[in-house]
Structure formats: C-alpha cells, structure tokens
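These notes are about the structure you will find just below.
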Amino acid sequence: MKIDIVSVFPEYFDVLNLSLFGKAQAKGLVEVKAHNLRDWTHDVHHSVDDTPVGGGAGMVMKPEVWAECLDELLGLEPVAAAGHDGDGNMKSSATDRSDTVSDDTSDQQSIGAVRDEVDVAAVDIEDAASAPQASISDSNGRADGPVLIFPNPSAPLFTQRDATELSHAGHLLFGCGRYEGYDARIPDYYRAQGVDVREYSIGDYVLNGGEVAVSVMLEAITRLLPGFMGNAESIVEESYTGENALLEHRQYTKPAEWRGIRVPDILLSGDHGKVDRFRRDEALERTNAIRPDLIEQLDCAALDKADRKT
Ligand code: 6GU
C-alpha cells in the first residue's frame, strides 16, 4: 500500500518509522511518504492560507497550493502549471500563468480558470452523511485508483467499516488541513475529476489540525493489512468488527485471585460453552450500558435465541 501524507508539519509523521509501522515499512507492506505542503508554494512567505471569504475568524487553506500538490501526487495533468524543482526553485513551463506565482491572492485569481472547465458536482449532504461514502471497487485485492482523504471535524465519522474498506486500497493520499480548514472547492474539484475523495471526522471534539486524525485513521487502516500484525486472530475478535459490533467482554490473566479480587469462576471452569455464553452476555450488557447506540444498530438476526433473554 502506497501512502502519501501532505501536511505543513510533515515531521509530525516521523514516528511512523518506529514500532509496528516501521517494521511494516521495512517489510515493504506499506510505503509512506510525508510531504510538506509548502514545497508547492511559489511566494517568498510560502503561504498556504488566506482569510475566509464572507468573513469570520481564522484562516482557510488556499486551493491553488493544494491543487498543485495534489495534481502531482495523484499523477494528474497540472492545470495552471507553474512548476518547481526539488529545491523549491521555479521551473518555467509553456503554460506558466503569472497569477500562480504572485503573492497577491484576490478572489478572482483563485481557481477560476479551473472552475470554468469543470462542472463541480453538487454535493448532496444526505449522501455525505450516510456511510460508506464510496466504494473501492475490487473483489479480491488492491484497487488501482488512489483514495484522497481529508480529515474534517464537520464530516461523517470514521468507523471500523471505513478502515476495513480503505485497507483494500492500493494508494491512500491524506491531506491534513490546519487553521479553520481548507477551501471546500478542493474536495469538490477532485471528486469532479473522478477521484475517490473522502472526508472524515474521528470524533466529536476539536483538534488543531488533521495530523492527529490522520495518524488515527492510518493506524486503524494499516493494522488490517495482512502481515502487519503478528497475530491475525487478535484483529478478528475485536470490538467494532464484523456484522455484530459489540464492545468486547472484559479480560483477565493469572493469578486467579489478586489483592483479594477473584477472576469470575466461570472463566476457570474449563467449560468453553459456558465461557462463551458468559463473555457474550457481558459484551451485550456492557454495550447496552456504555454504547446503547451500537445496540440500536445491531442486526436483530445476528442475535441468537439465548441473547434475546438477556
Ligand atoms: Cl478529522 N480534524 C480536526 N481538526 N478535528 C477533529 C477531527 C478532525 N475529528 C475530530 N476532531
């Protein structure tokens, strides 16, 4: 799986060289590269943001810089090509447009030229709210097309279902927003180009930027890759997986009694049927108490006869 991450703090992802993720890279399971968005700027200040149109607090990430970066990483033809080489120097091309190298960022200069050519799809909010957002269309392995993912606190929740689906992709490209977010035309534009674009929130709280959210999604996705984890079974049995997503039962190890607290006797009985039943009951009870929303989503057909009594 090829993974590109774009951020104004690419060093944040240095931790990916450690631990399980580092081993997965060494094994060739994943190939990760964190890019600095500012490498695609052309102005002396390397600016990536501007004030919100319509007013309001904070800054919004500019579409032009993102577009040059994403066009390149997605392997799309550059539209308004003011290129650059690896040293950040300008590389002139026949299609250079003076406005892309200017520090001036008036509204008319945004992606007007691009917008004229592309019928930006109207995004249906109802559709966006109902997961999955799209489908990675392959039956038995990697999909070819890249998936472009933007963390966004105002987007649908990222779930285990999304992690599972994305673990089948061949190329993931994460775009980390900072400040108050990114220009909404960026995802719209790439969707209109036929790119599989996802926007996800990781929970109902506010973070300063997309970096932490991307780390969370990346770990949830890559640990599902065959060979990533030592023990494949530990993946199957966990919470939120499978048709029947319940919180997991509680776990104990030896000794049977510790500081006066005993492990439940049934777990010591050696009767696997009883142990399974005990664990299943506990999973149902705990889910009902802690996450009743998960019980509501349960498929009734997935409950067995014994479950109905509890
Ligand atoms: Cl994806 N981004 C930010 N900035 N904050 C968040 C989030 C994402 N998900 C929850 N909070």
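Only the coordinates and a few stated rules stand behind these numbers; no lab work does. This structure is a prediction, so every number in the text was calculated from the model and none was measured. Don't worry about glycine lacking a Cβ; one is built from the backbone with ideal geometry, like all the others, and counts go over all protein chains shown.
Can you compute the FRET efficiency between Asp299 and Asp265 using 1/(1 + (r/R0)^6), with r the Cβ-Cβ distance and R0 = 51 Å? Round to the nearest 0.05. Once the sixth-power term is evaluated, E becomes 0.95.
Can you give the log10 of the normalised intensity I(q)/I(0) at q = 0.11, 0.14, 0.21, 0.28 Å⁻¹, computed with Debye over equal Cα scatterers of the range 243-309? The computed values of log10 I(q)/I(0) come out as -0.32, -0.50, -0.92, -1.25. Note on Arg250 and Lys27: their simple-model spin labels are 3.4 nm apart, each label 7 Å out from Cα toward Cβ.
In terms of distances greater than 26 angstrom between alpha carbons, the cross-link table entries Lys2/Lys23; Lys27/Lys254; Lys254/Lys274 yield Lys27/Lys254.
Return, ordered by residue number, the residues of the range 1-35 whose backbone nitrogen is under 18 Å from a label point located 7 Å along Cα→Cβ of Val212. So the set is 7-16.
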